[in-house]
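Colleague: Handing you this structure, nothing more for now.
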Amino acid sequence: MATKEVRRLRPESSVYTRPVGVSSKTVCAYWIAGRCTKKFCRFLHTSAPSTLANPRISKQKALQKDNAYNATHKSNVVQKSPEKVCKFWVVGNCVEGDRCPYLHTWFRGAGFSMLAKLQGHKKAVTGIALPETSDKLYSAGTDGTARVWDCRTGQCGSVINLGGEAGSLVSEGPWVFVGLPNVVMAWNIQTNAEFNLNGPVGQVHAMVVANEMLFAGAQDGVISVWKGCSESNPFQLAGTLKGHTQAVVCLTVGRNRLYSGSVDQTIRVWDLDTLQCIMTLNAHSDVVMSLICWDQFLLSCSLDCTIKVWVATEGGNLEVTYTHNEEHGVLALSGMPDAEAKPILFCSCNDTSVRLYELPSFTERGRLFGKREVRAIQIGPGGLFFSGDATGLLSVWKWLDPGLKELSS
């Protein structure tokens, strides 16, 4: 006689059906945050059943639990980290939405906006230049390339293989200079003439042009100087400035002085007429990363997490008149007036952000963000400014007219 197997259907699991010995009174913390992926989670996926599972719980206690849940949910929706952009949002796959604790924007603040993201460099952008009378933007990076961008379309028109990592890039008139290991490459964007300026030892980290001279600071701590010469040989090595004991990583000029910052934690001041060192400044306790001259002030920043403002005394010496402290090491400084002619200092920190401070109060006006730390900041005409980060992302920004500020918030 045939027998028929009787199969009992197992009831579907619900939030009330739990393994034996496991309490079902606790609400799942991951479910509250919207991140529980378990099909058969041993905790509750609701805020109400706690009252049903134990009828003796008072309505007041249940209401307190609901309020706690609502407060948690609300904080997950609106609470953002002001320090970091969501790395998943950057690549377009953040699934948290409004619950994500990180920023889903490239900046915060009013009065400015991002115009474009130029992607092409594979490694850190170390220099940006917008030559006068040119409609091309130039950038160079540690990927060993220089890129030429069309300012109207934002497209990369050409890629130049440099043969080595670029440590810096500057422009003066029709000339673009790129600092490479043991050499400075110079090319004229009008005539397409190219020259290799030999003399530096090691990576060229910083360059500046002043008094018809090109200065280049290198890994060995020496600053090489070239002067203009004939058309056939427009650059002649005029001398070297020695004094730093480690790599020179930043240069700036102002009031007939050249200022150099070094890994040796000092700032040296050089007379542009005699090319002699007239002063050594010792105030930082780590690498001096960037220098800018603004009016009668010299501003310096360092990996010691400080920005120092220097002013000349009656005796001609430079003294620190103010020190601004940051939470992270400071990588680069730049400055320009905003749309209302207020002086704004750009301060790139070692945490992927660029702070914008209104001077002289150092009131924060906003922040820019990169995928990683921003290595290069460049000021352009007409309220434009540019930033380049360690991943190769080049961003184009612009100050807005005062009447359009609300559009950037």
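The values are calculated or read from the model by the stated rules, or taken from the named source; none is laboratory data. Quick caveat: nothing in here was measured; it's all calculated off a predicted structure. Positions of Cβ are generated from backbone atoms using ideal geometry, with glycine treated the same way; all protein chains shown enter the neighbour counts. What goes into the accessible areas is simple: the full protein's heavy atoms, side chains included, and nothing from ligands, DNA or RNA. Shrake-Rupley method; radii C 1.70, N 1.55, O 1.52, S 1.80 Å.
Colleague: How many residues are over 31 Å from the mean Cα position of the chain (by Cα) and on the phi > 0 side of the Ramachandran plot if we restrict to the stretch 171-200?
Modeller: 2
Colleague: Looking only at residues that are closer than 13 Å to Met114 by Cβ and of a type outside the set (S, T, N, Q) in the stretch 390-402, which one is most open to solvent (accessible area, probe 1.4 Å)?
Modeller: Among them, the one singled out is Lys398.
Colleague: For residues in the stretch 349-382 being among the small types (Gly, Ala, Ser) and open to solvent by less than 20 Å² (accessible area, probe 1.4 Å), which is farthest from Val85 (Cα to Cα)?
Modeller: Restricting to residues being among the small types (Gly, Ala, Ser) and open to solvent by less than 20 Å² (accessible area, probe 1.4 Å), the top hit is Gly380.
Colleague: Can you tell me which residue within the stretch 103-127, out of those that are of a type in the set (Ser, Thr, Tyr) and over 20 Å from Gly179 (Cβ atoms), is surrounded by the fewest Cβ atoms within 10 Å (Cβ to Cβ)?
Modeller: Thr105
Colleague: Taking the options Ala166, Ala146, Ala124, name whichever one is closer than 26 Å to Thr240 by Cα and small (Gly, Ala, Ser).
Modeller: From the options Ala166, Ala146, Ala124, the qualifying one is Ala166.
Colleague: For the list (1) in a loop (DSSP other than H, G, I, E, B); (2) in contact with a Phe, Trp or Tyr (Cβ under 6 Å, 6 or more places away or on another chain); (3) of a type outside the set (Lys, Arg), I need the number of the one condition that Leu291 fails.
Modeller: All conditions are met except number (1).
Colleague: From the list Asp286, Asp295, Asp264, which residue is surrounded by 14 or more Cβ atoms within 10 Å (Cβ to Cβ) and out of contact with any strand residue (DSSP E or B) (no Cβ under 6 Å at 6 or more places or on another chain)?
Modeller: Working: Asp286 fails: out of contact with any strand residue (DSSP E or B) (no Cβ under 6 Å at 6 or more places or on another chain); Asp295 fails: surrounded by 14 or more Cβ atoms within 10 Å (Cβ to Cβ).
Asp264 is the lone residue from the list that is surrounded by 14 or more Cβ atoms within 10 Å (Cβ to Cβ) and out of contact with any strand residue (DSSP E or B) (no Cβ under 6 Å at 6 or more places or on another chain).
Colleague: Can you find a residue that is out of contact with any His (no Cβ under 8 Å at 6 or more places or on another chain) and farther than 22 Å from Cys151 by Cα anywhere in the stretch 395-403? Steps first, answer last, please.
Modeller: Looking only at the stretch 395-403, we keep the residues that are out of contact with any His (no Cβ under 8 Å at 6 or more places or on another chain), and these are 395-403.
Add one more test, that the residue is farther than 22 Å from Cys151 by Cα, and what stays is 402-403.
Checking the stretch 395-403: at least one residue is out of contact with any His (no Cβ under 8 Å at 6 or more places or on another chain) and farther than 22 Å from Cys151 by Cα.
Colleague: Right, next: If you scan the stretch 146-167, which residues turn out to be out of contact with any Cys (no Cβ under 9 Å at 6 or more places or on another chain), of a type in the set (Lys, Arg) and at pLDDT 95 or above?
Modeller: Listed by number, the list is empty, since nothing qualifies.
Colleague: If you go through the stretch 211-218 one residue at a time, do you hit one that is outside any strand (DSSP E or B), modelled with pLDDT of 95 or more and open to solvent by 50 Å² or more (accessible area, probe 1.4 Å)?
Modeller: no
Colleague: Right, here's the next one. So Ile344 fits all but one of (1) within 25 Å of Lys117 (Cβ to Cβ); (2) open to solvent by less than 40 Å² (accessible area, probe 1.4 Å); (3) in contact (Cβ under 8 Å) with a residue 24 or more places away in the chain; what number is the exception?
Modeller: So the condition that Ile344 fails would be (3).
Colleague: I'd like to verify a number: residues in the stretch 128-166 that are open to solvent by less than 30 Å² (accessible area, probe 1.4 Å), in contact (Cβ under 8 Å) with a residue 40 or more places away in the chain and more than 15 Å from Gln378 (Cβ to Cβ), how many?
Modeller: Total satisfying the criteria: 1.
Colleague: While we're on this one: Can you report the number of residues in the stretch 100-115 which are in a loop (DSSP other than H, G, I, E, B) and within 15 Å of the chain's Cα centre (by Cα)?
Modeller: First pass over the stretch 100-115, keeping only residues in a loop (DSSP other than H, G, I, E, B): 100-102, 104-106, 110-111.
Checking which are within 15 Å of the chain's Cα centre (by Cα) leaves us with 105-106.
Selection size over the stretch 100-115: 2.
Yes/no per residue for (1) touching a residue at least 12 places away in the same chain (Cβ under 8 Å); (2) in contact with a Lys or Arg (Cβ under 6 Å, 6 or more places away or on another chain); (3) open to solvent by 40 Å² or more (accessible area, probe 1.4 Å):
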{"position": "Phe177", "(1), (2), (3)": "yes, no, no"}
{"position": "Val184", "(1), (2), (3)": "yes, no, no"}
{"position": "Thr191", "(1), (2), (3)": "yes, no, yes"}
{"position": "Glu194", "(1), (2), (3)": "no, no, yes"}
{"position": "Gln203", "(1), (2), (3)": "yes, no, no"}
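Colleague: Inside the stretch 311-406, counting only strands (runs of 3 or more DSSP E) that do not spill past its ends, which hold 2 or more residues that are farther than 30 Å from Arg255 by Cβ and within 12 Å of the chain's Cα centre (by Cα)?
Modeller: So the answer is 363-369, 394-399.
Colleague: Shifting gears a bit: Suppose the filter is of a type in the set (Val, Ile, Thr), more than 18 Å from Thr145 (Cβ to Cβ) and at pLDDT below 95; does Thr191 pass it?
Modeller: For Thr191, the condition - of a type in the set (Val, Ile, Thr), more than 18 Å from Thr145 (Cβ to Cβ) and at pLDDT below 95 - is met.
Colleague: On to the next question. Go through (1) in a strand (DSSP E or B); (2) at pLDDT 95 or above and name the single condition Leu237 misses.
Modeller: (2)
Colleague: Which residue pairs have Cβ atoms closer than 8 Å, lie 6 or more positions apart in sequence or on different chains, and pair a first residue in the stretch 238-256 that is loosely packed, with under 13 Cβ neighbours inside 10 Å with a second residue that is modelled with pLDDT of 95 or more and polar (S, T, N, Q)?
Modeller: Going by the 8 Å Cβ cut-off, the qualifying pairs are Thr245/Ser262.
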